[in-house]
Amino acid sequence: MVRKTILTTALVGLAAASAPAQDARVELSGTAGWTFSDGVSGAAVNVPGVGSFDRIDPKDAFSWGLRLGFLVSENSEVGFLFNQQSTSLEIGGTSTFELGDLSLRNYHGYYAYNFGDGDAAARPYVLIGLGATQYGTINVSAAGLQRDIDGNTRFSGSGALGVKIFPSPRFGIRLEGRWTPTYIKSDAAGWWCDPYWGCYVVGNAQYSNQFELSGGVTLRF
């Protein structure tokens, strides 16, 4: 899936390169950075002789991504971004235990608003996106036994602030801070009663968050 995404993005970018200079409305970007991640908490589980565990979290790790954007006007941009964090998953509580390596992948369609003129040397922008976060399969080795924990895909959003700096009309440098909250579960938080609708359970949603600081290059066609 990752190879297919990279190949498709590269082919679209090469096709766009044949466009006349005055119609440069496609931006192809590659980024690399560091992602600070957190997970969710739950009821404590006691493991005799080991400890009590009530959290599960991806570790902070290196991340990279690809992005293809189309400028539908001088300021408005729509596109698709892919991002991967190669990390590991650990459980925490009275002690910490690493379960195994984990690949976290984000697939988001997005809308970005670019400030300033289209030919400006620096263009700050804001971005919002919707899509999915995929948690890869984890190979766990414990007590001499090995087993695979199947991956899962969850709905997620994304929001970013950044700036694109263009030393030349076709080449730019991208700096960005991006937040990706992924819905994981809801815990019952109590009852809410209404004279008209009656009583119902109120849920407390929990999200796994990724905060990425990244830099990269942008090619404009």
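Computed over the alpha-carbon atoms, the stretch 69-185 gives an Rg to Rh ratio of 1.14, Rh here being the Kirkwood radius from the mean inverse distance. Taking Lys and Arg as +1 and Asp and Glu as -1, the other residues whose beta-carbon sits under 13 Å from that of Gly162 total +1. Ordered by the count of other Cβ atoms within 10 Å of each Cβ, fewest first, Val140, Val45, Val40 give Val45, Val140, Val40. With a Förster radius of 30 Å applied to the beta-carbon distance between Thr94 and Leu130, the computed FRET efficiency rounds to 0.20. Taken one residue at a time, the phi angles of the stretch 125-130 give Karplus couplings (6.51, -1.76, 1.60, θ = phi - 60°) of 8, 10, 9, 10, x, 9 Hz. Gly and Pro are set to x. In a simple Cβ point-charge model (Lys, Arg +1; Asp, Glu -1; nothing else charged), the stretch 84-158 has a dipole of about 140 debye relative to its Cα centre. The calculated FRET efficiency for the pair Arg154 and Asp119, based on their C-beta separation and a Förster distance of 30 Å, comes to about 0.15.
Computed 3J(HN,Hα) for the stretch 205-221, one whole-Hz value per residue from the Karplus formula 6.51 cos²θ - 1.76 cosθ + 1.60 where θ = phi - 60°, is 6, 10, 10, 8, 10, 10, 10, 10, 10, 9, x, x, 10, 10, 9, 10, 10, glycine and proline marked x.
Laboratory data are not the source of any read-out in this text; all were calculated from the coordinates shown. All values reported here derive from a predicted model rather than from experimental measurement. Reconstructed Cβ throughout: ideal geometry from the backbone, glycine too, with neighbour counts over all protein chains shown.
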